[in-house]
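Chemist: My questions will all concern the structure given below.
The values are calculated or read from the model by the stated rules, or taken from the named source; none is laboratory data. As the structure is a prediction and not an experimental result, all values here were calculated from the model. Positions of Cβ are generated from backbone atoms using ideal geometry, with glycine treated the same way; all protein chains shown enter the neighbour counts. Keep in mind that these areas ignore ligands, DNA and RNA; they rest on the heavy atoms of the full protein, side chains included. Shrake-Rupley method; radii C 1.70, N 1.55, O 1.52, S 1.80 Å.
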Amino acid sequence: MSNTFYNLEQITICITSCCNLQCRMCPVITRDKKSLSREQTLHIADFAVRKKVKRIVIGGGEPTLLPYLKELIELLSKNSIEIWILTNATRISDDDIRYYAEHPNVIMNISIDGIGKVHDYIRGEGNFDKTNKVFLSLIEKGAKVAVNTVIQKSNYNCSIDTYEYFKQFPLVWHGFSFAETYHQKELVPPENMEEAISQLYKILETDQNENKHVSLSREMIRGLELSFRYPNFIMHPGENCPIPQTHLGIDEEGWVLPCWHYPAWIKNENRNINNRTLDEIIEDPAIKKEVSYAISKEGCKGCSTVCYFWNEKFREKAMFPQGKWKWQRQWMLTKTNIQNHLPFLYNLVKKTKSIFLVKQK
């Protein structure tokens, strides 16, 4: 295969599964506590520089727990790579605030799920005041700051309040996402989904009128609604998906996965940075073959995630389906609506179809 097989745009590093908080909707808190080593993180940075990767996203767990985080930032910053640090911002000192303000390529993406007691209920008593103090100091010093709000059953009706508070500040962006479906007990209940979505549309309308900075569009809100109102609905087809050739995900155990959501990657020693370099992993013919199969017609069946909307091709394909996929998706949505709202009719058709197939045999 040619040297243009990959066009890496982003590397997402789950640098540690350790965290100082126990947030209600976070799946990381149930994992074994592990972290990438200093040598591994610097190896990733060297790889990113050589491959001219545009963006590195550093998450966890809580990445500020690691003593070598700034060493990683320095290596990436020398090469003007954009760095997003996903943090709860409860451990950041005054010296840290000055440091991040001095690095214009670093965006501190702070998790804030509500104002005051709303945030505290989700992330722990007293944490809103801690996080807000750091947030205000970062803004004052001129650091680049983003905010991400995870919508869940504890705050689905508080999105507007959260937006109204943060719109007064010069954020890079304010992102809204829903608690992932694998954390069932914290999902927005179906009967409250309409209110949750309605608040996002109101935020978008206000934001457009005031020329602010939420990371929302009508298409994205519709995507969120489809993916969480209909858990089995496929919003993005796997065939020709751009992500496995433009993205690498690396978790705290060293596994290298082109996409977090495709379940069929073969986890053996050949795709772990404890055993091989990143160059050896991505250039392995067997792994390239896996990637080619994943994006083929027979490979990935698709997903409903919005976490790859940074990729324009992925976003456009998800929100504006064309040709055969447009009609397949419309049929899936119609079928899901009938199943949810007319279960008697759905079961009758299903039973009739089964009887017909038996008679054919």
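Chemist: Above 26 Å lies some portion of the pair distances; for the stretch 39-173, what is it as a whole percent of all C-alpha pairs?
Modeler: Values: 2257 of 9045 pairs.
I get 25 percent for the Cα pairs in the stretch 39-173 exceeding 26 Å.
Chemist: Right, something else. Sort by residue number and report every cysteine in the chain with no other cysteine beta carbon within a distance under 4.7 Å.
Modeler: Flagged as lacking a Cys partner: 14, 18, 19, 158, 241, 259, 300, 303, 307.
Chemist: Here's something else I'd like to know. If every alpha-carbon in the stretch 246-325 counts as one equal scatterer, what log10 I(q)/I(0) does Debye give at q = 0.18, 0.20 1/Å?
Modeler: So the normalised log intensities work out to -0.83, -0.97.
Chemist: Output the DSSP H helices from the chain with an along-axis C-alpha extent of no less than 24 Å and a mean Kyte-Doolittle hydropathy no less than 0.0. Walk me through the intermediate numbers first.
Modeler: Details: long enough: 193-210 (26 Å, -0.80); 323-341 (28 Å, -1.64); 343-360 (25 Å, 0.16).
Sorted by number, the helices that extend far enough and score high enough are 343-360.
Chemist: Right, here's the next one. So which residue, out of 170, 63, 244, gets the largest mean-square fluctuation from a GNM of the chain using Cα contacts under 10 Å as springs?
Modeler: Between 170, 63, 244, it is 170 that shows the largest mean-square fluctuation.
Chemist: May I pose another question? If you plug each phi of the stretch 104-116 into the Karplus form 6.51 cos²θ - 1.76 cosθ + 1.60 with θ = phi - 60°, what whole-Hz ³J(HN,Hα) values come out, in order, with x for Gly and Pro?
Modeler: Each residue of the stretch 104-116 in turn: x, 8, 9, 10, 7, 9, 8, 7, 9, 9, x, 9, x Hz.
Chemist: Here's a follow-up. How high is the relative contact order of the stretch 1-120? Use alpha-carbon pairs under 8 Å, at least six apart in sequence, and give a whole percent.
Modeler: It rounds to 25 percent for the stretch 1-120.
Chemist: Can you list the residues, at least 5 places off or on another chain, whose amide H is less than 5 Å from the amide H of residue 175, using H built in the peptide plane?
Modeler: 147, 148, 149, 215
Chemist: For the chain, just say rounded, prolate or oblate: build the C-alpha gyration tensor, square-root its eigenvalues into a ≥ b ≥ c, call rounded for a/c under 1.5, and beyond that prolate if a/b exceeds b/c, oblate if not. Mind showing how you got there, number by number?
Modeler: Working: a/c = 1.92, a/b = 1.21, b/c = 1.59.
Oblate, since a/c reaches 1.5 and b/c is not below a/b.
Chemist: Amide H neighbours of residue 144 under 5 Å, at least 5 residues apart or on other chains, H built in the peptide plane: list them.
Modeler: Close amide H contacts, sequence-distant or interchain: 108.
Chemist: Excluding residue 141 itself, what net charge comes from residues whose Cβ is under 10 Å from its Cβ, given Lys and Arg +1 and Asp and Glu -1? Numbers along the way, then the final one.
Modeler: Values: positive: 98; negative: 94, 102, 140.
Combined, the nearby Lys, Arg, Asp and Glu give -2.
Chemist: Can you list the residues, at least 5 places off or on another chain, whose amide H is less than 5 Å from the amide H of residue 307, using H built in the peptide plane?
Modeler: none
Chemist: Pairs of alpha-carbon atoms within less than 8 angstrom and 6+ residues apart define the contacts here; what relative contact order does the chain have, in percent? Provide the component values of the computation, followed by the final result.
Modeler: On the way: 560 pairs, mean separation 54.6, N = 361.
Once divided by the residue count of the chain, the mean separation gives 15 percent.
Chemist: For the stretch 17-41 and the stretch 200-268, what is the centre-to-centre distance using only Cα atoms, to the nearest Å?
Modeler: The stretch 17-41 and the stretch 200-268 have Cα centres separated by 22 Å.
Chemist: Further, regarding this structure: Just to confirm, what accessible area per residue do you get for the chain at 1.4 Å probe, in whole Å²? Please report the intermediate quantities before stating the final value.
Modeler: On the way: 18260 Å² over 361 residues.
Using a 1.4 Å probe on heavy atoms only, each residue of the chain averages 51 Å².
Chemist: Below 8 Å between Cα atoms, with a sequence gap of 6+, how large is the relative contact order for the stretch 108-257 in percent? Working shown, then result.
Modeler: Numbers: 178 pairs, mean separation 28.1, N = 150.
So the answer I get is 19 percent.
Chemist: Within the chain, what whole-number % of the accessible surface is contributed by carbon and sulfur, with the 1.4 Å probe and all protein chains included in the calculation?
Modeler: Numbers: 9490 of 18260 Å².
Roughly 52 percent of what the probe reaches on the chain is carbon or sulfur.
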